[in-house]
Structures are given as C-alpha cells and as structure tokens.
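See below for the structure under consideration.
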Protein chains: 4
Amino acid sequence: MVRVAILGASGYAALELIKILLNHPHVEITALATRQEGSPPIHQLHPSLYGRINLACEDLNARQICDRADLVFCALPHVASMSIVPELLAGGCRVVDLSADYRLRDPAVYEKWYGHAHTDIERLKTSIYGLPEIGTPGIPAANLIANPGCYTSTSILALAPLLARDLIEPTGILIDAKSGVSGAGRAPKLNTLYSECNESFSAYSVGTHRHQPEIEQVLGDVCGQHVEVTFTPHLVPMDRGILATIYPRLRQPVPQAELLKLYREYYSGKPFVRVCDHLPTTKDSAHTNFFDVTLRFNRNQLIIIACLDNLLKGAAGVAVQNFNLMYGFPETMALPM
Amino acid sequence: MVRVAILGASGYAALELIKILLNHPHVEITALATRQEGSPPIHQLHPSLYGRINLACEDLNARQICDRADLVFCALPHVASMSIVPELLAGGCRVVDLSADYRLRDPAVYEKWYGHAHTDIERLKTSIYGLPEIGTPGIPAANLIANPGCYTSTSILALAPLLARDLIEPTGILIDAKSGVSGAGRAPKLNTLYSECNESFSAYSVGTHRHQPEIEQVLGDVCGQHVEVTFTPHLVPMDRGILATIYPRLRQPVPQAELLKLYREYYSGKPFVRVCDHLPTTKDSAHTNFFDVTLRFNRNQLIIIACLDNLLKGAAGVAVQNFNLMYGFPETMALPM
Amino acid sequence: MVRVAILGASGYAALELIKILLNHPHVEITALATRQEGSPPIHQLHPSLYGRINLACEDLNARQICDRADLVFCALPHVASMSIVPELLAGGCRVVDLSADYRLRDPAVYEKWYGHAHTDIERLKTSIYGLPEIGTPGIPAANLIANPGCYTSTSILALAPLLARDLIEPTGILIDAKSGVSGAGRAPKLNTLYSECNESFSAYSVGTHRHQPEIEQVLGDVCGQHVEVTFTPHLVPMDRGILATIYPRLRQPVPQAELLKLYREYYSGKPFVRVCDHLPTTKDSAHTNFFDVTLRFNRNQLIIIACLDNLLKGAAGVAVQNFNLMYGFPETMALPM
Amino acid sequence: MVRVAILGASGYAALELIKILLNHPHVEITALATRQEGSPPIHQLHPSLYGRINLACEDLNARQICDRADLVFCALPHVASMSIVPELLAGGCRVVDLSADYRLRDPAVYEKWYGHAHTDIERLKTSIYGLPEIGTPGIPAANLIANPGCYTSTSILALAPLLARDLIEPTGILIDAKSGVSGAGRAPKLNTLYSECNESFSAYSVGTHRHQPEIEQVLGDVCGQHVEVTFTPHLVPMDRGILATIYPRLRQPVPQAELLKLYREYYSGKPFVRVCDHLPTTKDSAHTNFFDVTLRFNRNQLIIIACLDNLLKGAAGVAVQNFNLMYGFPETMALPM
C-alpha cells in the first residue's frame, strides 16, 4: 500500500482525488490537510464523503505529512505550493503538484504571469511535466510531477499531433476555450456565485490567462519550434467540462480522414484518448478521465473540437494517472471511464 | 417627479428596483448608496445598467440622503436598516424598508429569530406591512412601509382566502417552499457558489427560517386567530422564483371549483393575482410582478400551489407597488407583467 | 461470467446500467436491444460510450435474447415490459424489470393507475419487489425482480423504520418530492425541453402520480397496516437526484436523537444507506448508489429529508444491487459510491 | 391603433412578440395563428400569458388574417413562410418575416443552404433586410421586412464598423459563437431535451450553419467587398443569450482605444447598441433589446466580444424595432431595456 496525503483538501480537485483513491486497491489515504481551523472530519467539508472515509482535515506541517505519507498530492494554490514542496521532497515524499508552481521552466515567465518571484528555481529544471499522452519518459522515476492545467491539457492534446508532424503553422493558433465553473475553485467570490454565473456566458481574462504561456512552452517542446497561441477562456454555466474550439492554419491541405488517421496513430495505445468522428460534447467525458477530440473543416479552415472533464483529466484524474505510472500500477487503475 | 434614493444598491433587489424605476414616468432616481469604497458608477456593480443611468454608488449618510430624496427604498440587511430608518424619517423622507426590521410587531419575537435586540421598538407599532392584496388601508398614508419577505408573501397570499373565511384549521399548516438562489443575496458565501448549488436541490433552515413567525403574525391578523405553520424552505438551482406547496386541513369538505371561485372573489380587482386552473410554474411569473395560485386535491387533502418571482412580487416589485399606492399613482405603474 | 442483455437500451437508465456493468468483473454484456431501425453501434445513441463497448443496438425478439443472455435488465416502458417478460422467463432468462409492470400486486390497481389491463396477472403473485434494504428474502432466488420506482424507493426507505416500529400514523403522511429531469425519460416531449424546464420549478401529476399506490403497497407490507400517503412530485431544473421532504405524524413524542438511533439500527449493515446528522443535498449522493436521510423537528412536527440519485439508487444502481444478490456476488460490487 | 397578427404563435419568438406588443400603446393584437388543432386560448400554449390576453390561437388562412390585421409578424419556419407571405402582401398586409425566407438575395444560395428551391424569387429583390443599426433606409417604407437571424445580427453588428472603414481583411474572419438553447426552437427534439443540454457544452453544425451565408452577404453589402467568415456555433446550457468571440485580422495595427472610439462613432445615436469597456456577459443584455460589444487584444490579435438576447435583439425585439420604424413610432417604443 502506498500511503498518500492530500494537501488543500477542502477544494474540488481534492474531493475528486479522494473519491478516486478510495477505489484504488494499492492506496491508503493517511492525511488530509488544509488551513481550516479545528480538525473537522473531512465530510464536514465535503458531505458527499460521509460514511466513506474517517479522517479529519488537519493543519499539518511538512514534517507531520512526511511521517505519514509516501506520496503527496499537493492541491494548494500557486505560491503556497512552492513554499512546502521543497520540504516534502527533503522529507522523503514524492510529490504530484497540481498547482502551476513547477510547470513553467523559465522563472521570469512565471513571475510575469503569476506576479510572484519563484522561490524554488533550481527545481524547475528537474520537475517533470505530467501529461503522459505526449510522452514524458521521466514520469515513472520522478519525485516531483508538475501536474498540468486543465485548459492546458485540452489545448496540448488537441494540437500535439499536428505540431509533432509539422502540419500547421506554429504561430497564430487560435484557441477559443470554454469551461464549467468548478475550474474557478471553491473560494467564495462574487463572480462564481450561482446568481452571477447561471444563465450567463462570458469571456474572461482575455489576453491575460495564465495557461497561455504553459500551452506555448509544452507545445514548443512537442514540435521543437517557437509556438504562439491566442488563448481566450470563457465561463459556461455548468459544473464541469472544458470544450476548446481550435483554429490552426494548415501548412498545406490535408484531407479530414487523413488527419483523423494521424490522430489515431499518434494516440495509439493511450487508453484515455478518444479520437472520434462525431462532435464530442463535454457531457460525454464528464465524470471520466477521457479526452475526446475530432476535426472538421469550414471551407479550408481546419477546426479542432476537444473536450475533457476539468476536474478529472484536467486535474485529479491525470494526477492519479501520473501516480499509477510512478508506482508501476496499470495506467488506468481506479480511474473513472 | 418623486425623488427616490436606494440604499443597499449593490444587491439584487436594488438592481430590480433601479430597472423598474427607470421605467417609471414620475420617478427620478437621485441617490444610490452602499458601503462600497470609492464612488464607482453603478454600472460597475451592475453591468446590465451600463448606458442606462449615470449615477455613482456613494457612501451617504442619512442627512445627505434626505437632502436628495423624497422617498427611500431601503434594501439594507436587517439591523443596518433600523439603524438608519429613524434618521431618514426624521429628515423628512418616506421609507419603504425591504429588510425584516419593521415587519414583526413583537420585539421579543424579532430578537428571538434575528438574534439582535430591536433598537426602534416604538416604530414597530406604526409601521405598515406592505402587502396590498390583503387589504392594508394604511399604505397610502404611510411614512414607513415594512415591505414583506418573499417566502412570506407567497405563503400569505396562498392561504389568506381560506383563513379569512375560516375554512381551514389555523394550526398545523404545512408550507413546503422552494426558492431560486437569488433570494440568498449577493454576498459571496460558500453555499451560494455556482458549483455548490448547481445540480443540487436541498432543504435548509428546517425549523429555523425567519419567515415563519412573519407568516404566522400576518395570517393571524387576516383571520383573527392564532396561526401556526411548519415552514420548510428549499434551494432550487435557478435564479429566481418561489413555489410553495401548501397542505392545509379543511374544516369540512369543499369542492375544488368552489374554492377556486372563492379565491377569485377574494382577489377580485387585484391586478397582480392570477388564480389559475392549471398548475403554475415559477417560469410563468418570473420577471413579472404576478402571484399565481391554484388548488388541487389528493383524496381529501387540499394542496395549494403558489408561485411568484422572489425579486419582484417578493421584493422590489411589491415595493414599487407600495410606492405607487403611497403617491396615488396607478398600482401597476412601471411594474412588469 | 454472467451473460447480460439490456432491453430499452436507448434510455437513460440503460446507459447507467451499461456503465456500471462495464466495471463488473463477472458480467459480459452480450445484447443491447431497442426498437431503433438499423442496428447502430450503441455509441451512436450514447456517445459517452464511444470506445468502451463494441455492441450494436439491435431489434431483437425474446428468443434471440435468450440465446445470448442469462439475465435480462428490462428497461422498457410499462406495458411493453409485460408483453416480453413472460417469453424471456420461458426462454430461461432471469429478469430484472425496471418498469412498473410487476410492482403492484393488485391488477385492478395497476389498471386504474396505468390505464391498461394487466396481461400477466399470475406472475404478479410471484415477482419479487427488489428493494434489498427493507428485507426481501426472495431476491437471491428470484427469477423475476420488480425493480422499484425512484420516488418510491426514496419514500419507502425514508419511512420504513418509523412504520416498522409503529411510531407514526399510517395515514395522512405527506410526501413532498422533487426530482431532476432525467426521471422523465429520454423521449422528446415539450415539457422536458431544456427551455421549458430550465429556470423553472413546478409541481406535476398532483394527486395522480403512479408511484403513490406503489409506495402505499410496499409500506403497507412493511408495517402490516393500511398506509395512505399524499404524494406530490415536482420537477427540479437539474439532471439527476430526488429529494423528498416528508411530514409524518408521530403517535407520541420521540426525541430526534432517538429517532436517528432507530434509523441507524434499522439500516445497520446496509452499505448504501447513510443516516446523517446534517441535511443531505441531492448532490451528495448524485452519481452514487447511496440513499441519504436525516430527521428534523419544527415545533412538534417531524420532518424527514431523504435523497438519492434517481438513475442509480432509484433505477440502474438498485437493479445491479439486486443482480449481485441474485448471483451471490458482494452486494456493492461495481456500484459507484 | 395598428392591428397586428402573429403567425407561428406557439413558438418562443412569438411569445416574446406578444409580451412586447401588449406594452405597445399603438398596437392591438387581433389574431394569433398556428397549425394547432382546436382553437385553444393562447395561454394554454403559453401559460405565462394567463390573464394578459384573451385570444384563441387559431388555424387561419391568409384571407382571414388580412381581414383582421394591418401588419403580420410571421414567425413560421422557413419554407412555410414563403408559402403564405405572398398572399398576405396581396391581401394588403405589411409583413415582418422572422424566418430566413427573404434574407438571402440569391435563390441558389438559399436552395443550397436550406435544401428547398425558393418559390418567391422575385420578392427577394425587394424585401428589406431589417437591421436598423447598419443603415437600411428602406425600412420605413417597406412592405416586407426580412428580419435578421440571431447569430447573424450578433456577428454583423460586431464587425460592421471595422469592415465599413476597411480596417480588417474581409476574408478569414473567425466567428466562434455560443447560444442559449431557446434559439433551437420549441419543437420537441432529442438534442434540445433538458437532460441532453444541461451540464453540456457542444459545437454543432460546424461548417454547415445557415447563418454563415447570411452574415457574408450582409457584411459584403456593408463594405462592398466579398466577405468570407468561418462561423462555428455552440450550444450553451442556458435559456437565452448569444455571445460571439470574433477574431478578425487587422490590416494594420490600430490601438484599442481608437477602435472603441470608432465603434462609438459608428453607432452614435443607435439606442440599442452599447459599446462598453468591460467584457459584457450574456446576462447583461438578457431580457433586453441591447447589443453589447467590446474589443481586446492578445498580442496583435484583435478579439471582439459581442452579446445580445437571441429572442429579443436577435428576433422579436428587432422585429418590433422594425415595426416602430415602419409606422413612424419612436424606435424604442415598448422595447425592454
């Protein structure tokens, strides 16, 4: 049994992690941590867990966590993450970090987009970006996984096959992305109130969303070229799911059937990628770890439609997928399909 | 032109007040107040007002308000209301108070349910409860209207005809009420976040909701007897609307058709009450000032189904209806139907 | 491996059955049937199944089904069910019938509420009502399980402990029930269109809903008395979940804590029942096979709040629970928690 | 008083027309027509109209309509519209046609996208496209207004200022549009069921949506050049509202402030256009006749965000706006703001 701790246990990604891990035959959840006062049983924060797990949600420091756990899922906000991860690693824990703190290779880029100087710069060079489908051989042996962002995975998985084969221009790629509200987290804010979001559709962070540099960095790695995307996020009145509509420019005409074949080859053997002929909806992959994608043309304009569940394949699901790879378990173990 | 001020301008009821009053031919909105810092234009708080009104939302004291307005709609939280209303009245303003502060006649009841000692006890005797359909002759001459609660109006209007004619037992009345989320206000709280409310239906404040004593008091006035209700509120994943399913006990059998006739007579000449044969839905009266009601039987059990829009007939709409009566304007003026 | 067929495969309950059974280690789905023309792959009807199962949805007769399957989940509409179940049983299949056709013991009651004469009256005496938590010893050996209705299970499980101990009056029980829209099925109808249901809450079938006699029959069995309930269903703008607010009349006062203790004892050892102290929401049990219940008082009026997922514990989940019991598998096998 | 008939009275656009016209001081609604059997009162089809209008919904022929009305709002589906409009005009009625039948100038384009040969080709040359903000001087004198599509108006109003001033390339314009479900009409279909749309976001008709040629034609008229857009529609789980995110290519850099100034000049004096600095949401203009628009940059990529209510400014609202211009009433009369 791998002893597992979850930090930031009061949030939505943590709830999904707990639910998945309760079904994992080789995991024992041994610690749940949050800044919450008192040490309430976790079901007081997440009533859906009532009767499922008897753990309190405690305010634990790194040493206490390392005493109890072999691996830590760190679901803290950025900055908070990089202030505890070094101690966890030093204490002998392996870490899957769901924040953005170890995703961007260049500390200057991090500081520009996140507004804080990075305090653990050396480790940016050794952390492993955890998106198994694009081939990151370092995952099994990694001690620190930078778990990717939800918009990021949607965009990267949708574009990787085309960029890897050099079929599209690496710049001027338009990504029009739409997300359910759970992606905005569980901290009470005016703009995520029910009466603000419901019956409303809106664009936000136009030109300024932090997943843009992450998409560009990882896709740059995929193709070995400088990639530039225009990423525009929108908020959809629904709980979960991301759909990205992506407009790349093909270098030269390629038939739709050939492109779909290419995608199927590129993702051959990847159990969570579904290249489909029909137009996928967010509901098709909701509550699963699947990534769904298809392609269409409007005149000569290629259009990619890609979906995933932001809390699962976009956060907690891929985190457990990385975990499975780190410990040699089957990649799909415990993950909802 | 009546010069009107609105206090608590950042909330949902205030937004509806502003929208209604912008259509009122005899009203000029002259002041919008809130505790907000700076003095932002009102459209920064309510973007839907962009281009419709050029007023800042200011932090004004009673004297400043009285200088600018003849009548004040006070959409502040309870306690805040009774700390400014006396000054507004002293300064010469008439007041329609949307809070609960002047609704309960007995200060001990107020203190028990609201957790604060009442600080303006004398005025509880002279404030006028503003539900025009149950006949409150004091409204036109009133200087202080206690505007009723949303659940309260739904329940009272649904039961008044039966109690007024002594057709049902005045105790043991079950009111199972369901409300859209806007009734919970606009202050960010965990339990009104989109991702908490959406795809969820829940009961809350079971046995402890503050509208219960208000319903009992006003219905007691209607029938001259001691009334006891069991009021159970629920939260519905929708913006607006209340539906109450009410189970009274008939003293003796009365046919459904006769009861509907009774309701139609009781509310004869009331422009906002619709006694209907079909089962009304909240959507039928949403965005209007209507109250819809019908009756059914299940074996011998009478069931009343009643609906209204919690922000309009349940708050801002009835407030303007009271305003119209106070100034001798047609009762329906500017009110959405 | 148990070979399983699913009839009525195009509906929502069937989709849930397929998803659950794909995770069941002892089940092979061998046939999916519907009246659909052509024999489309099931993922054309349910795109979320893309890549998960390679079966066509065929128009099969009873003999063809019996050739392929050991057990049939019959998710057909009422009437359709009783016209094929006798042949399936004669052909050697065991059947879990999700329709209402074998739930009501008295064919006259069936005819009154469903508007069709029953055509398989003899079998009404031998079918087993499949609600494991209220103790139906016949389930393991049954060849025909009448799988209970969703509103029905919510109501029965909420009331059974009180009736079994004779703590409440068996008549005059008020059940105010609220359901998500998926309970209305997948056949296109005006009143289940998005734009009709969304932002609307409504009562329907007041005094005429078919689950009322089923609730009364089964609760009558539980307590050995004639039970009468007033059942009022409502439609909630959400996908899934039922919450029932139930108002029974206690024969004599019993403290809340004692009642909760009674519930916990009554459901001791039942893995899918959660007696909780907090007020459960439909979201807590959505996507699981749990039934959640708690109790409150308003003055002396007892109020029961009970929730389940109408498609799982209310339909497909309990069906697989029955299946597990029929074949001696662990009761919780493959069922989402 | 202008006597007005509404055809296709059972749909959502007709409901909005009725509600607006009931507030119009110079309109008398004299006929409501639909293919419905019997002649039910209109409130049986639209319960929200209960108590507001006493008209039956009848199956009327053109002659009967012309006897009763001066002007007809034709809210029939395409093809049905062009089969009755010639008779209505011959009978002396003026017509505002909400279908697509008179919008496309070229009958071959109509036939290609709508799958039917056009049967009233001559009139395509004389019908007036009714989008007042882009300057169609023929509206006041028109006998037949082709009322624009909802996606179409959103896209045209968003792009017209840039194309009119030749600031962007007229081809390769990407329009990523998102609409609430009411745009899909009120006829029961699987893909507009609540349980299909709710908690789901999807693209549809990618590369094949009928509003694309309409957008291209009207924008071509605006700029005198051949315009080509890639139009991708999406379905949002909400009742009403369209938001379009539009990616044009500027011919040369222009600062954001200058572009906003240009928009404000272009739409100067247009009471329903709000050029705003903030990012508009669909909720800001829902239930109003406003069109909201702003601009942003991501690096050098210009992004336009535009919103309107698909049933009002996108259908019934602009129809009444055209009506007001046809009869010399103030453009804003009776229209919700």
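The values are calculated or read from the model by the stated rules, or taken from the named source; none is laboratory data. The model shown is predicted, which means the values in this text are computed figures rather than measured ones. Ideal geometry is used to build each Cβ from the backbone, glycine not excepted, and the neighbour counts take in all protein chains shown. Only protein heavy atoms, including side chains, enter the accessible area calculation; ligands, DNA and RNA are left aside. Shrake-Rupley method; radii C 1.70, N 1.55, O 1.52, S 1.80 Å.
Key figures
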quantity: Every residue from the range A:175-217 that is within 9 Å of chain D (Cβ to nearest Cβ), open to solvent by 10 Å² or more (accessible area, probe 1.4 Å) and of a type in the set (A, V, I, L, M); calculated: A:206
quantity: Residue identified as of a type in the set (Val, Ile, Thr) and assigned by TED's automatic domain parsing to the domain that holds residue A:181 among A:134, A:84, A:156; calculated: A:156
quantity: Of all residues in the range A:255-288 being small (Gly, Ala, Ser) and touching an Asp or Glu at 6+ places or on another chain (Cβ under 6 Å), the one that is least open to solvent (accessible area, probe 1.4 Å); calculated: A:285
quantity: Within the range A:305-325, considering residues that are more than 14 Å from chain D (Cβ to nearest Cβ) and open to solvent by 10 Å² or more (accessible area, probe 1.4 Å), the one farthest from residue D:209 (Cα to Cα); calculated: A:325
quantity: Residues of the range B:204-240 satisfying the condition of being in contact (Cβ under 8 Å) with a residue 60 or more places away in the chain and among the aromatic types (Phe, Trp, Tyr); calculated: B:231
quantity: Subset of the range D:26-82 [at pLDDT 95 or above, polar (S, T, N, Q) and closer than 17 Å to residue D:98 by Cα]; calculated: D:81
quantity: Condition check for residue B:228: within 14 Å of chain C (Cβ to nearest Cβ) and open to solvent by 10 Å² or more (accessible area, probe 1.4 Å); calculated: yes
quantity: Single match in B:95, B:72, B:85 (criterion: open to solvent by less than 50 Å² (accessible area, probe 1.4 Å), among the aliphatic types (A, V, I, L, M), in contact with a helix residue (DSSP H, G or I) (Cβ under 8 Å, 6 or more places away or on another chain) and in contact (Cβ under 8 Å) with a residue 60 or more places away in the chain); calculated: B:72
quantity: Hits in the range C:279-304 (condition: over 24 Å from residue C:332 (Cα atoms) and either at the interface with chain B (Cβ under 8 Å from one of its Cβ atoms) or touching a strand residue (DSSP E or B) at 6+ places or on another chain (Cβ under 7 Å) (or both)); calculated: C:279, C:295, C:296, C:297, C:298, C:299, C:301, C:302, C:303, C:304
quantity: The range D:25-47 - residue that is more than 14 Å from chain B (Cβ to nearest Cβ), in a strand (DSSP E or B) and not small (Gly, Ala, Ser) and, of those, surrounded by the most Cβ atoms within 10 Å (Cβ to Cβ); calculated: D:32
quantity: Residue within the range D:48-65 that is open to solvent by less than 40 Å² (accessible area, probe 1.4 Å), within 14 Å of another protein chain (Cβ to nearest Cβ) and of a type in the set (S, T, N, Q) present; calculated: yes
quantity: Selection from the range A:289-303 of residues that are surrounded by fewer than 24 Cβ atoms within 10 Å (Cβ to Cβ) and within 21 Å of residue A:135 (Cα to Cα); calculated: A:294
quantity: Members of the range C:57-114 found to be of a type in the set (Asp, Glu) and more than 26 Å from residue C:210 (Cβ to Cβ), listed by number; calculated: C:58, C:59, C:67, C:70
quantity: Failed item in (1) within 23 Å of residue B:334 (Cβ to Cβ); (2) in contact (Cβ under 8 Å) with a residue 40 or more places away in the chain; (3) buried (at least 24 other Cβ atoms within 10 Å of the Cβ), with residue B:243 passing the rest; calculated: (1)
quantity: Pair list, Cβ under 6 Å, 6 or more apart: the range A:6-24 residue within 14 Å of chain B (Cβ to nearest Cβ), other residue among the polar types (S, T, N, Q); calculated: A:10/A:34; A:12/A:182
quantity: Test: residue in the range B:111-123 that is open to solvent by less than 10 Å² (accessible area, probe 1.4 Å) and touching a helix residue (DSSP H, G or I) at 6+ places or on another chain (Cβ under 7 Å); calculated: no
quantity: Matching option when the condition is touching a helix residue (DSSP H, G or I) at 6+ places or on another chain (Cβ under 6 Å), closer than 27 Å to residue C:141 by Cβ and not assigned by TED's automatic domain parsing to the domain that holds residue C:181, among C:334, C:319; calculated: C:334
quantity: Checking residue C:129 against (1) of a type outside the set (A, V, I, L, M, F, W, C); (2) without any contact (Cβ under 8 Å) to a residue 60 or more places away in the chain; (3) open to solvent by 10 Å² or more (accessible area, probe 1.4 Å), the condition it does not meet; calculated: (2)
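Condition check ((1) farther than 18 Å from residue D:217 by Cα; (2) of a type in the set (D, E, K, R)) across all residues:
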position: D:56; (1), (2): yes, no
position: D:61; (1), (2): yes, no
position: D:70; (1), (2): yes, yes
position: D:80; (1), (2): yes, no
position: D:92; (1), (2): yes, no
position: D:103; (1), (2): no, yes
position: D:114; (1), (2): no, no
position: D:124; (1), (2): no, no
